[in-house]
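Report on the structure given below.
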Amino acid sequence: MLYQIYETQRSFMEPFADLAHTAAKMYSNPLNPFGQSQLAHRVSAGYELMHRLGKDYVKPEFGIRTVQVGNAEVAIHERIEIDKPFCELRRFKRFSDDPATLTALKRQPAVLIVAPLSGHYATLLRDTVKTMLKDHKVYITDWKNARLVPLTEGEFHLDDYVNYVQEFIRHLQSAYGNCHVISVCQPTVPVLAAVSLMASRGETTPLSMTMMGGPIDARKSPTSVNNLATNKSFEWFENNVIYKVPGNFPGAGRRVYPGFLQHTGFVAMNPDRHASSHYDYFKDLIKGDDASTEAHRKFYDEYNAVLDMDADYYLETIKTVFQDYSLVNGTWNVKNLEGKNELVRPQDISTTALLTVEGELDDISGSGQTAAAHGLCSNIKPANRHHLEVPGAGHYGIFSGRRWRETVYPAVVKFILAHNDLGTKKKSSTQTSTKTAAESVVKTTAKTGAKPTAKRSVKAVAKKVVSPKK
């Protein structure tokens, strides 16, 4: 019912927000006889602020058109490599007509960036992606808004998240021989689970894992986010924050944790800061400070754009990560594509290098929570495990902004290059193995008369392609 009330209110306010935007333009129009007066500037600024506070924020674009690679400007084309019901694997394909630049691009490592599914869209990592594109082939998990996913697509659980990550890793391995994985905030836990399960099965694991500001062990230096999850019962979350999607969306009837509730929680963490920011925006509009007003718009276009999360995924994350601490306690079982439970054992990872990054002032994932991965991944050689704490950086500062570009990224690119020895393998041998494995599945199916299924084929191919020779 709350979701329906919110949607009704939003629909009611939408025309007023549009009217305020029109009025702001009218009073700021230089052709308006009153447009140059101080009063007109204040009225225009007031209407513009009203528009910003009342408008509906949609998913932003990545908007990365070009990047500088060496001395050349390289064109970027976004394309969807894999389209899953709840996620798209998005690739940022780089193009150049300079032979030397093309040669350099082909030699660079492939990186899978696993974006958070915790309220905001993957575009929150725009700065991360743009910086990485200078030296890497970049893919990112672009999670879908659950209210746009029809009920016919089924449910989405934390186990499905882990299985998605494994599928995306195998996809990059089939194309490039192997890859590197970067996880930011929430996905550090499912990514560690995914790589652990691959290691336990004897599959080839990524060359490196970079984990940034995530709740690997949420018991360490608990923040307000951690305290909320521990102070409220599982039943409280299920009864107070889960609602069904209204009938005016494709996902009508799906149980979700609505984006508008998440946004309310985000703002409630720092209400004074947001109030000051909007007042500063109002004053900058009056002064005509275009640079400051545009920076405000860009930030809040991203910050205010939120998505609904599937209820099963959200509730299981609360219980597994923040209440039962299943990963660090060694009690987490993940259901694979065949419906069988597999125990997550990070100690089985041995050939994947590990880099953890934390911000000194992180108020979402406290100090030591991400570094806890080193204790779990005990069979990774000490020489292949590194930790970086960024002085003066908050949660967002470790993957976006000046500290990311000047402090974190140089350490990340150096770490990836140091562990990229296997990444130079030609992909032709892997593609041949994939084709052979796929043909084997088809022949076996033909002999037995069984109907091939997607799950059986994926697992059969994966075992043959990525399992190491014995």
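Table for the structure above
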| quantity | calculated |
| --- | --- |
| Residue, nearest to the chain's Cα centre (by Cα), within segment 377-389, restricted to residues that are buried (at least 17 other Cβ atoms within 10 Å of the Cβ) and not in a strand (DSSP E or B) | C377 |
| Conditions (1) surrounded by fewer than 18 Cβ atoms within 10 Å (Cβ to Cβ); (2) hydrophobic (A, V, I, L, M, F, W, C); (3) not in a loop (DSSP other than H, G, I, E, B); number of the one not met by V357 | (1) |
| Some residue of segment 143-150 being surrounded by 21 or more Cβ atoms within 10 Å (Cβ to Cβ), of a type in the set (A, V, I, L, M, F, W, C) and outside any loop (DSSP other than H, G, I, E, B) | yes |
| Those helices (runs of 4 or more DSSP H) lying entirely in segment 180-265 with at least 1 residues in contact with a Gly (Cβ under 8 Å, 6 or more places away or on another chain) and surrounded by fewer than 24 Cβ atoms within 10 Å (Cβ to Cβ) | 224-231 |
| Strands (runs of 3 or more DSSP E) lying entirely in segment 42-127 (those with 1 or more residues that are within 21 Å of the chain's Cα centre (by Cα) and of a type in the set (D, E)) | 72-83, 87-95 |
| Every residue from segment 326-353 that is part of a loop (DSSP other than H, G, I, E, B) and surrounded by fewer than 16 Cβ atoms within 10 Å (Cβ to Cβ) | G330, T331, E338, G339, K340, S350 |
| Test: A393 is within 29 Å of D348 (Cα to Cα) and assigned by TED's automatic domain parsing to the domain that holds L207 | no |
| Selected residue (only one of Y279, Y313 is in a helix (DSSP H, G or I) and touching a Leu at 6+ places or on another chain (Cβ under 7 Å)) | Y313 |
| Residue check for Y6: modelled with pLDDT under 90, aromatic (F, W, Y), farther than 30 Å from R107 by Cβ and surrounded by 13 or more Cβ atoms within 10 Å (Cβ to Cβ) | yes |
| Residue that is farthest from the chain's Cα centre (by Cα), among those in segment 293-311 that are surrounded by fewer than 19 Cβ atoms within 10 Å (Cβ to Cβ) and charged (D, E, K, R) | E294 |
| Tally, over segment 412-439, of residues that are part of a helix (DSSP H, G or I), farther than 17 Å from L125 by Cβ and modelled with pLDDT of 90 or more | 4 |
| Residue within segment 296-304 that is modelled with pLDDT of 95 or more and touching a His at 6+ places or on another chain (Cβ under 8 Å) present | no |
| Qualifying residue in segment 158-172 (condition: crowded, with 19+ Cβ neighbours inside 10 Å, at pLDDT 95 or above, of a type in the set (S, T, Y) and within 17 Å of K340 (Cβ to Cβ)) | no |
| Single residue of T210, T230 found to be within 20 Å of L117 (Cβ to Cβ) and of a type in the set (S, T, N, Q) | T210 |
| Single condition V195 does not satisfy, out of (1) β-branched (V, I, T); (2) over 19 Å from L89 (Cα atoms); (3) at pLDDT 95 or above | (2) |
| Cross-chain or 6+ apart pairs with Cβ under 7 Å, segment 270-285 first and free of Cβ contacts under 8 Å to residues at least 24 places away in the same chain, then surrounded by 12 or more Cβ atoms within 10 Å (Cβ to Cβ) and in a helix (DSSP H, G or I) | H274/V267; S277/H296; D284/S292; D284/T293 |
| Flag if G392 is surrounded by fewer than 20 Cβ atoms within 10 Å (Cβ to Cβ) and either in a strand (DSSP E or B) or touching a residue at least 24 places away in the same chain (Cβ under 8 Å) (or both) | yes |
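So that you can scan it fast, the table gives a plain yes or no per residue for (1) of a type in the set (D, E); (2) within 30 Å of S11 (Cα to Cα):
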{"site": "S221", "(1), (2)": "no, no"}
{"site": "S224", "(1), (2)": "no, no"}
{"site": "N227", "(1), (2)": "no, no"}
{"site": "N231", "(1), (2)": "no, no"}
{"site": "E238", "(1), (2)": "yes, yes"}
{"site": "Y243", "(1), (2)": "no, yes"}
{"site": "G251", "(1), (2)": "no, yes"}
{"site": "G259", "(1), (2)": "no, yes"}
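The values are calculated or read from the model by the stated rules, or taken from the named source; none is laboratory data. Just so we're clear, the structure is a prediction, and the values are computed from it rather than from any experiment. For neighbour counting, all protein chains shown are included, and Cβ atoms are generated from backbone atoms with ideal geometry for every residue, glycine included.
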